[in-house]
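Heads up, the thing below is written out as structure tokens.
The values are calculated or read from the model by the stated rules, or taken from the named source; none is laboratory data. Note that the structure is predicted; figures quoted are calculated from it, not measured. Cβ placement follows ideal geometry from the backbone for every residue including glycine, while neighbour counts extend to all protein chains displayed. Protein only, heavy atoms only, side chains kept; ligands, DNA and RNA dropped before computing areas. Shrake-Rupley method; radii C 1.70, N 1.55, O 1.52, S 1.80 Å.
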Amino acid sequence: MRISVFGLGYVGCVSAACLAKQGHYVVGVDISQTKVDIINQGKSPIIEKGLDILLGDVVGSKNGGTLYATTDADTAVMDTEISLICVGTPSNENGSLRLDYVKRCASNIGKSLKSKKDYHVVVARSTMLPGSVEDVIIKEIEDISDKKAGLDFGAAMNPEFLRESTSIEDFYNPPVTVIGQIDDRTGDLLEKMYAFLDAPVVRTDIKTAEMVKYANNTYHALKVCFANEIGVICKALGIDSHQVMDIFCMDSKLNLSPYYLKPGFAFGGSCLPKDLRAITYKAKNLDIDAPMLDSIMKTNIAHINRVINQIVKTGSKKIGILGLSFKAGTDDLRESPIVILTEALIGKGFDIKIYDKNVSLASLFGANKEYIEKEIPHISSLMTDNLDTVLSHAEVVVIGNKANEFTKAVNAMGKNKKIIDLVRIQNNLDGLPDMYDGICW
């Protein structure tokens, strides 16, 4: 295939060299003549393991001369079928992104596409916030070229997952290839370009692909801070932090896994809140500042408050709550966020009825009988053992856990009830009532 790569920094230079190595014809584009000259000599303009050798293999007469660099954007676009935008997106002082390099790049591509008859695909690899491809790249190209995205040219977001010092290895061994496409024609061409990679391909919409990169990098930063705060607590207690985290990382069932990583309602139960308070209290006793660990409970409370505000905004006073325990299939109410939510709604004067089959049984003979009778009698008095009673009463139905009977109830509800789902009762949201609303989706 014939590919132009705009921006020859880490992402662009590595992408260009690796694609050329696979036999694609690649034109690298950069505004720096010095950088262009270095690449055309088969040398790397950046320090990156293996890149000098790789560029030497693909530039000039070797391997058919599959890569060359230029400052001429117009020639690059006219001579290729796909353009990858890999220019920088640095931060402004207030944290916002500078997209002027991206806009200038899109402008240059747009000028060339104005006179180009063939369908050309423009792909963003630069990291940008959701909406940037549509609002900056597509808009700029459409305005200048007088052509329409998805009709006259293709557009996509293809986030990169490259780490400096291992970027070549990362390019050839990605965890996943994400293609955020404007149309199938664009996605087909990109998937063909990456056919040599042994990695799952996910084709999605452009904004989702843009957001994936931010979810990744934010989580990576979170992991670094988490490990460091656990580490300083371990050091103060005379414990080898590396041994602790080596054992921690052995758990691929919960710790290093998709578990707990689906957006939903707040955490609760008998373990997480208690243990979090204990470790943060211990850190304070050791005079250790652990702001990330300290923020976890605040974040959890903020999420509960978010739901309270969502319910208040409905303007309805009659609330039905389906599921009181913090997890379906259990009667455990200890620090259940649904209990905290319910108590807040009671305090605001809402008329509430609650149904939870497991908790109703627990109130008769379960392990939580004493807790229910002594700690939350005001809530237990609002409970009924009949699901239909709650549904008949409620103007707003709050789904608190994933009991199977609640899924059936949601699908059977009429259009006159507002549904607030805290757990994503079913993955496929198609066909749900018009009044349905989720907390994180």
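Any idea what % of Cα-Cα pairs in the range 22-73 are farther than 17 Å?
On the way: 388 of 1326 pairs.
Counting pairs separated by more than 17 Å, the tail of P(r) holds 29 percent.
Setting aside same-chain residues fewer than 8 positions from Lys192, which lysines have a Cα under 16 Å from its Cα?
Result set, ordered by chain and number: Lys21.
Sum -39500 (n - 2.57) across every DSSP H segment of at least 4 residues in the chain, then divide by the residue count to get the 222 nm mean residue ellipticity, nearest 500.
On the way: 18 runs with 194 residues, N = 441.
Using -39500 (n - 2.57) per qualifying helix, the result is -13000 deg cm²/dmol.
Looking at the chain, do any whole DSSP H helices span at least 27 angstrom along their long axis by alpha carbon and average -1.0 or above on Kyte-Doolittle, and which?
On the way: long enough: 206-236 (46 Å, 0.25); 291-312 (31 Å, 0.37).
Answer set is 206-236, 291-312.
Roughly how many nanometres apart are two label points built 7 Å out from the Cα toward the Cβ at Arg98 and Asp188?
4.1 nm
Can you pull out the trypsin sites (Lys or Arg not before Pro) in the range 142-249 whose DSSP state is coil and whose Cβ has at most 14 other Cβ atoms within 10 Å?
On the way: sites: Lys147, Lys148, Arg163, Arg185, Lys192, Arg203, Lys207, Lys213, Lys223, Lys235; in loops: Lys147, Lys148, Arg163.
Hits after loop and neighbour filter: Lys148, Arg163.
Which of Leu162, Ser241, Pro291 sits closest to the plus end of the dipole of the chain, meaning its Cα is farthest towards the positive end, when Lys and Arg get +1 and Asp and Glu get -1 on the C-beta?
Farthest towards the positive pole: Pro291.
Give me the aspartates and glutamates in straight-line cross-link reach of Lys282: C-alpha distance below 15 Å, same-chain residues under 8 apart excluded.
Of all the aspartates and glutamates, those that pass the test against Lys282 - Cα under 15 Å, at least 8 places apart if same chain - are Glu229, Asp294.
With respect to the cross-link table entries Lys327/Lys357; Lys274/Lys298; Lys223/Lys274, which display a Cα-Cα separation exceeding 19 Å?
Lys223/Lys274
State in Å² the accessible area per residue of the range 85-125; use a 1.4 Å probe, count heavy atoms of protein chains only, and round to the nearest integer.
Working: 2030 Å² over 41 residues.
Dividing the accessible area of the range 85-125 by its residue count gives 50 Å².
For Lys284 paired with Ser270, estimate the spin-label separation in nm (one decimal), with each label point 7 Å from Cα along the Cα-to-Cβ line.
Computed distance between label sites Lys284 and Ser270 equals 2.6 nm.
Looking at the chain only, what percent of DSSP beta bridges run antiparallel? Nearest 5 please.
Details: 3 of 48 bridges.
Just about 5 percent of them are antiparallel.
Measure of size requested: the Rg and Dmax of the range 154-197, with Cα atoms as the atom set and Å as the unit; please supply both.
11.4, 34
How do Phe153, Phe265 stack up against each other in accessible area, from largest to smallest, with a 1.4 angstrom probe? Spell out each step's value before the answer.
Details: Phe153 0, Phe265 40 Å².
Result, largest first: Phe265, Phe153.
Share of the chain's accessible area from carbon and sulfur, percent, 1.4 Å? Walk me through the numbers before you get to the answer.
Details: 11760 of 22280 Å².
About 53 percent, which is the carbon plus sulfur part of the accessible surface.
Match the structure shown to one of the listed values [x] 1.06; [y] 1.88; [z] 1.24 of Cα Rg over 2.2 N^0.38 Å, computed from it, and give that label.
It is the one labelled [z].
Of Ile308, Gly7, Cys86, which is farthest towards the positive pole of the chain's charge dipole, taken about the Cα centre with +1 and -1 on the beta-carbons of Lys, Arg and Asp, Glu respectively?
Ranked along the dipole, the leading option is Ile308.
Per-residue HN-Hα couplings for the range 71-79, Karplus 6.51 cos²θ - 1.76 cosθ + 1.60 at θ = phi - 60°, whole Hz, x for Gly and Pro?
For the range 71-79, the Karplus curve yields 9, 8, 5, 5, 4, 4, 5, 5, 9 Hz.
Relative contact order, percent, of the chain when contacts are C-alpha pairs under 8 Å separated by at least 6 residues? Don't jump to the answer; show the numbers that get you there.
On the way: 736 pairs, mean separation 40.2, N = 441.
Dividing the mean separation by the residue count of the chain yields 9 percent.
Name the most mobile residue of Glu375, Glu140, Glu81, meaning the one with the largest mean-square fluctuation, in a Gaussian network model of the chain with Cα contacts below 10 Å.
Greatest mean-square fluctuation among the candidates belongs to Glu375.
How big is the charge dipole of the chain about its Cα centre, in debye rounded to the nearest 20, if each Lys and Arg gets +1 on its Cβ and each Asp and Glu gets -1 on its Cβ?
Numbers: 49 positive and 55 negative charges, 132 e Å.
Around 640 debye, computed over the chain.
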